[in-house]
1. Restricting the search to the range 106-133, which residues are part of a loop (DSSP other than H, G, I, E, B) and polar (S, T, N, Q)?
2. So for the range 213-226 (the condition being among the β-branched types (Val, Ile, Thr) and assigned to a helix (DSSP H, G or I)), does at least one residue qualify?
3. Kindly evaluate LEU191 against the criterion of being in a helix (DSSP H, G or I) and under 24 Å from the mean Cα position of the chain (by Cα).
4. Looking only at the range 64-91, count every residue that is touching a residue at least 24 places away in the same chain (Cβ under 8 Å) and not in a helix (DSSP H, G or I) and tell me the total.
5. Only one of THR366, THR339 is free of Cβ contacts under 8 Å to residues at least 40 places away in the same chain and touching a Ser or Thr at 6+ places or on another chain (Cβ under 8 Å). Can you tell me which?
6. Quick check, is TYR120 under 20 Å from ALA190 (Cβ atoms), assigned by TED's automatic domain parsing to the domain that holds ASP165 and hydroxyl-bearing (Ser, Thr, Tyr)?
7. Identify the residue in the range 326-352 that is touching a helix residue (DSSP H, G or I) at 6+ places or on another chain (Cβ under 7 Å) and in a helix (DSSP H, G or I) and, among all such residues, is surrounded by the fewest Cβ atoms within 10 Å (Cβ to Cβ).
Amino acid sequence: MFLRITLTTFVVLLVAGLVPVNGNAQTFSPETPDLSSVPSECKPPKEDVAQLDEVVDEAMSEEKSYHIPMILNDSVENHLEYFKTRGRDVFQKWLDRSARYIPVMKDIFREKNMPEDLVYVAMIESGFNPYAVSWARAVGPWQFMPATGKLYGLKIDWWIDERKDPIKSTQAAAEHFKDLHNLFGSWSLALASYNAGAGKVQRAVLRTRSEDFWDLKASRYIRKETKNYVPKYMAATIIAKNPSAYGFTINEVEPYKFDEVVIEESTDLRMIARCANCTYEEIKELNPAIRRWVTPPQFSSYVLRIPLGKKDVFLANYAAIPPEQKIKWERHEVKRGETLALLAKQYNTTPDAIRDINGLRKSRITPGKHILIPVDMNAKASNVSFVAPEQTGSKQQQILYRVRRGETLSKIAQKHNVSVADIREWNRSIGKTVRAGQKIKLVVDVDQI
């Protein structure tokens, strides 16, 4: 039974594209809503039709239409209510961060002839956070697992993790969604598959003998997380496309824009920052895929992003830098009894990094041979005692850091421009997690203290 709604409520729902037409659920499409099927009890008085037409025109001009069919039912409404109340602060952060990445991500989906509204999957996956890491070790704004990321061309190794790259990971996500939609012919099932995996959704379809996601949701053949995934996406999309109708705002955020330069030899990022007259943090923020302090040495030419408008000054300054100053390599003569693991510990790196740089196929190294080891010019070897900066000329210092509530090892590492592996090396007895109030050793730049 339909309840009569006020004109004001009807206008808000109409602007958001959410006027129900069939009982408790409605499918939305990009086209202008067909009001002919709306029950008379829900229609506005005739004298207000002109006013409503004006609202519809305004909504359409502001591109509030949907590129993926939406459903308004109890499950979606529950998520809408959650985002407006208990989840309000978190959703506002998502909106603020989304303003930086949505324009470039939408461009990618348009180029691949995919629905633009798929960008809001990144909202519920990570809140558009390139550094997000899930409990299952999924990484980046699109939360790719390693196998899936590599399947769609993302490079993942000790030096680089392109799952964190806002552009490359979005291109991979678009291709992944294209495959899922081709498989199921349904965006709801494609979204569910993105969360649970295509195999699990296929088995659920066979067991329920239905290709309707809502039938799967009512069954016991998919997990609770997947049952909530599609309605959560729909609620997030509905609000994100018309935040003001739900009391949200989008604050001014600088869009993700940059210049690109080609680096033909591995170079310290701090050196690059100086050449571009910007900060190390700016270079890292524009290139979140780079996991270390240098551009990946396995690339003969690496496309690096620098702040917009800095290309000319960078090229001029970079050309004047001698090659030996761009990165420091340690040439080590292998001694009897030494292994890659021992050398990695000595130089504060990993066996895989040494193996990759020297093209070694095995972990065994031959005494008397020389190998190259990349050395962070701003880090200390793990087997050297920590000393004050004035004794060595170093610009780093050991500190005792007190863990704050809600912090994790990855958050602490990101905050201080170090890796989780570094923290574990400096704190041998540390567990998988840290607790509020716990004190840990860190080696940080003096400027950060």
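The values are calculated or read from the model by the stated rules, or taken from the named source; none is laboratory data. Everything numeric here is computed off the predicted structure, so don't read it as measured data. Counting neighbours? That spans all protein chains shown, and the Cβs are built from the backbone with ideal geometry, glycine included.
1. Scanning the range 106-133 gives ASN113, ASN129.
2. Yes, the conditions are met somewhere in the range 213-226.
3. Yes; evaluated as a whole, the condition is true for this residue.
4. 10
5. Criteria check complete, one pass: THR339.
6. yes
7. The selected residue is ALA341.
Here's the yes/no breakdown for (1) buried (at least 16 other Cβ atoms within 10 Å of the Cβ); (2) assigned by TED's automatic domain parsing to the domain that holds PRO103; (3) modelled with pLDDT of 95 or more; (4) in contact with a Gly (Cβ under 7 Å, 6 or more places away or on another chain):
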{"position": "VAL201", "(1), (2), (3), (4)": "yes, yes, yes, no"}
{"position": "LEU206", "(1), (2), (3), (4)": "no, yes, yes, no"}
{"position": "SER210", "(1), (2), (3), (4)": "no, yes, no, no"}
{"position": "LYS227", "(1), (2), (3), (4)": "yes, yes, yes, no"}
{"position": "LYS232", "(1), (2), (3), (4)": "yes, yes, yes, no"}
{"position": "ALA236", "(1), (2), (3), (4)": "yes, yes, yes, no"}
{"position": "ASN251", "(1), (2), (3), (4)": "no, no, no, no"}
{"position": "VAL262", "(1), (2), (3), (4)": "no, no, yes, no"}
{"position": "THR267", "(1), (2), (3), (4)": "yes, no, no, no"}
